[in-house]
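Peer 1: Here's a structure for you.
The values are calculated or read from the model by the stated rules, or taken from the named source; none is laboratory data. From a predicted model like this one, the values you see are computed outputs, not experimental measurements. All Cβ positions, even for glycine, are placed from backbone atoms using ideal geometry, and neighbour counts span all protein chains on display. Calculation scope for accessible area: heavy atoms of the full protein, side chains included, ligands and nucleic acids excluded. Shrake-Rupley method; radii C 1.70, N 1.55, O 1.52, S 1.80 Å.
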Amino acid sequence: MTTLEPATDNLVALESEAIHIFREVAGEFDRPVILFSGGKDSTLMLHLAIKAFWPAPVPFPLLHVDTGHNFPEVLDFRDHVVEKHGLRLVVAKVQDWIDDGRLEERADGLRNPLQTTPLLETIAGHKFDAVFGGGRRDEERARAKERIFSLRNAFGQWEPRRQRPELWNLYNGRHRPGEQVRVFPLSNWTEADVWHYIAREQVALPSIYYAHERPVYRRDGMWLTEGPWGGPRDGEDVATKSVRYRTVGDGSCTGAVESTATTVDEVIAEVTASRLTERGATRADDRMSEAAMEDRKREGYF
């Protein structure tokens, strides 16, 4: 009899829980959808969905809210994954909402906060009743308070007082017409768990998750890179550094970290030594206020 290492045993339990959640949703909801950006958490979530229903195809479409400020490496990876597995991808482009006047550009140029309206309108338009997200409780305080099955009202808003107890892996997906449930299969995973599982399963990721040379400039303690979202301001010098991204979002607010980690094992070593979550270390949109994430969740954000 082989004894599993504690870390491996933990991964088995986390994988089993996530697969159970996917199958539970498939049996309980009519029109689920998986949020998929091509980032590590949504890629891991899709990998688990594929395992949950194999050899049958994944019975849900994918949804990406494209800010127009995404890293090209991530978009290329997203499209490659969709084609490889024969999946259906729905893309809601923030630029379309700006062009027809439903949204206005922010003065600071950030587009992550503009994702909520396209997300909610696309969910309503396709009548999705369950929306899988890759959020984890270790990322941020508001996410730590959210249940695995998170009820959202008819406006897509999160109401913490309406959170339901989840005992013995029993999930309550009941909802009124027009309401939706956000589902978080990775809730109990940590960043280290994600990377250990990626190593075990040999999950492919966009190249920017590993160290590479990139021109960057320093702002608010983060290394940002120039792109369609803008560039350095006066006094912000550009330097080429070896960096990688711990999380991937809108290029205007996602910072890189200095790194020499070019392999999964080297990334795991860095993550293990870090004392900041990936969002706390590299996401400017979470620094807008102490309750930035919770405020956006109340408005309908992921």
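Peer 1: For Cα pairs less than 8 Å apart in space and 6+ apart in sequence, what is the mean separation divided by the residue count of the chain, i.e. the relative contact order in percent?
Peer 2: About 20 percent, as a whole number.
Peer 1: What is the calculated FRET efficiency for Asp234 to Asn169, with r their C-beta to C-beta distance and R₀ = 41 Å, to the nearest 0.05? List each step's numbers first, then the result.
Peer 2: On the way: r = 55 Å, r/R0 = 1.34.
With R0 = 41 Å, the Cβ-Cβ based efficiency is 0.15.
Peer 1: Same structure, new question: Put +1 on the Cβ of each Lys and Arg and -1 on the Cβ of each Asp and Glu in the chain; which of Ala273, Ala192, Trp54 then has its Cα farthest toward the positive end of the dipole?
Peer 2: Looking along the dipole axis, the top candidate is Trp54.
Peer 1: Quick one: which of 106-115, 243-252 comes out on top by average Cβ neighbours within 10 Å, and what's the full order, highest first?
Peer 2: On the way: 106-115: 17.7, 243-252: 23.3.
The packing order, highest mean first, is 243-252, 106-115.
Peer 1: Using the per-residue mean of other Cβ atoms lying within 10 Å as a proxy for protection, in what order, highest first, do the peptides 30-43, 159-172, 201-214 fall?
Peer 2: Values: 30-43: 21.7, 159-172: 10.9, 201-214: 16.8.
Packing proxy ranking, top to bottom: 30-43, 201-214, 159-172.
Peer 1: Turning to a different aspect of this structure: For region 53-100 and region 126-179, what is the centre-to-centre distance using only Cα atoms, to the nearest Å?
Peer 2: When both Cα centres are located, 22 Å separates them.
Peer 1: Compare Leu63, Leu186, Leu276 in a GNM of the chain, Cα atoms joined below 10 Å, and give the one with the largest fluctuation.
Peer 2: Per the Cα network of the chain with a 10 Å cutoff, Leu276 tops the list.
Peer 1: Under 21 Å between alpha carbons, and skipping anything fewer than 8 positions from Lys51 in its own chain: which lysines qualify?
Peer 2: Lys40, Lys84
Peer 1: Now for a different question. Which value, in Å², gives the accessible area per residue of the chain when a 1.4 Å probe is used on the protein heavy atoms? Walk me through the intermediate numbers first.
Peer 2: Numbers: 14200 Å² over 302 residues.
Computed with neighbouring chains in place, this is 47 Å² per residue.
Peer 1: Starting from the amide H of Leu63, placed 1.01 Å from N in the peptide plane, find each other amide H under 5 Å away whose residue is 5 or more places distant or on another chain.
Peer 2: Ile34, Leu35, Phe36, Val90
Peer 1: In whole Å, largest first, what are the principal axis extents of the Cα atoms in region 97-251?
Peer 2: Taking max minus min along each principal axis of the Cα atoms, region 97-251 gives 53, 46, 26 Å.
Peer 1: Now for a separate question. Take His64, His196 and sort them by solvent-accessible surface of the protein heavy atoms, 1.4 Å probe, largest at the top. Present the calculation step by step, with values, prior to reporting the outcome.
Peer 2: Details: His64 10, His196 70 Å².
From most accessible down to least: His196, His64.
Peer 1: Probe radius 1.4 Å, ligands and nucleic acids ignored: give me the carbon and sulfur share of the accessible area of the chain as a rounded percent. List each step's numbers first, then the result.
Peer 2: On the way: 7210 of 14200 Å².
Accessible surface attributable to carbon and sulfur in the chain totals 51 percent.
Peer 1: Moving to a separate point now. Scan around Ala130 for amide H atoms under 5 Å from its own, H built in the peptide plane at 1.01 Å from N, and keep only partners 5 or more places away or cross-chain.
Peer 2: The answer is Arg31, Val33, Val181.
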